[in-house]
Amino acid sequence: MNSDLAIDARSITKTYGDGALAYTALKGVDFTVSRGEFVMLVGPSGSGKTTLLSILGCVLSPSSGSLSLFGTDVVAAGERRLPELRLANIGFIFQGHNLIAGLTAAENVGLLLELRGRTRKQSRAEAMELLRAVGLADKADRKPVELSGGQRQRVAIARALAASPPLILADEPTASLDATSGLAVTELLRGLATERGHTVVVVTHDNRIYHLADRIVRIEDGLIREATDVAGPRTSAPPALHSSHS
Ligand SMILES: Nc1ncnc2c1ncn2[C@@H]1O[C@H](COP(=O)(O)OP(=O)(O)O)[C@@H](O)[C@H]1O
Ligand SMILES: [Mg+2]
């Protein structure tokens, strides 16, 4: 185990169901992310991206393998401690923004702060600050239905940032957005890594945003296939793995 790493996942497998219905979605995944790194996890539909992100986010337990987050062995800690580890370490931006329809933007963001022990008044003040950070101070009292897709996604980011968890995980945060808001949302996430030291993992197959990643990791059929350094210096020329084909 290397505690310099934000994420140290080794030989992760995940099998859903059992008997004849068992389906192995992850077949032995090694995935490591440094602190402050911005990684995109890409791959076709059904390849295991959401499963892996859910395991990293302590939402789901792996069937086998080891996982450490910031030096804490999550698997050894046991299933009962997952909610606590999640609350302390992780801001999750779900596929589809998952905001609570009956609550305003500020209430959606503040709810998690209250869960983390803040008073209502403190929560409101911190929620306002987070909404300001994502450019939505003037929309704090709007309900999700009164916001655009991009604005809702930014509220979801503000909510994920509540109490500043060191690890931000986002599942296809730009999937329902037009190119301009998709880029704006991803730039916001990029800034969290660069300026605030958050570690960020974004699942996507939106190639319009790839250039913002430090590293792109590709998953196919439950296995990591290749990783590409985008921003960092290349140690060798990128291999021409796939020539164009129809
Ligand atoms: N709760 C579940 N029960 C059974 N199979 C599942 C479940 N969740 C996902 N799967 C299967 O696992 C595979 C990987 O799913 P997922 O991780 O959602 O892929 P992706 O996010 O890359 O589209 C898919 O074949 C999917 O049908
Ligand atoms: Mg998915």
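The values are calculated or read from the model by the stated rules, or taken from the named source; none is laboratory data. Every value quoted in this text rests on a predicted model; they were computed, and no experiment measured them. FYI the Cβ positions are ideal-geometry reconstructions off the backbone, even for glycines, and counts take in every protein chain you see.
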Only one of Val217, Val200 is under 15 Å from Gly43 (Cα atoms), within 15 Å of the chain's Cα centre (by Cα) and at pLDDT 95 or above, namely Val217
In the stretch 52-62, anything surrounded by fewer than 21 Cβ atoms within 10 Å (Cβ to Cβ) and either of a type in the set (Asp, Glu) or within 12 Å of ligand 1 (Cβ to nearest atom) (or both) is listed as Ser54, Val59, Leu60
Please verify whether Glu146 is farther than 23 Å from Val202 by Cβ, at pLDDT below 95 and charged (D, E, K, R), treating the condition exactly as stated. no
The lone condition Ile93 fails out of (1) in contact with a helix residue (DSSP H, G or I) (Cβ under 6 Å, 6 or more places away or on another chain); (2) more than 30 Å from Asn207 (Cα to Cα) is (2)
Note: among Val201, Val185, just one is within 16 Å of ligand 1 (Cβ to nearest atom) and either touching a helix residue (DSSP H, G or I) at 6+ places or on another chain (Cβ under 8 Å) or basic (Lys, Arg) (or both), namely Val201
Can you spot a residue in the stretch 109-124 that is within 16 Å of ligand 1 (Cβ to nearest atom), over 19 Å from the mean Cα position of the chain (by Cα) and either touching a residue at least 12 places away in the same chain (Cβ under 8 Å) or assigned to a helix (DSSP H, G or I) (or both)? no
Turns out the strands (runs of 3 or more DSSP E) fully within the stretch 1-85 with at least 2 residues that are within 14 Å of ligand 2 (Cβ to nearest atom) and of a type outside the set (Lys, Arg) are 23-34, 38-42
Flagged pairs (Cβ under 6 angstrom, 6 or more apart or on separate chains; first in the stretch 41-67, touching a residue at least 12 places away in the same chain (Cβ under 8 Å) and farther than 19 Å from Asn207 by Cβ; second within 9 Å of ligand 1 (Cβ to nearest atom) and assigned to a helix (DSSP H, G or I)) are Leu60/Ser54
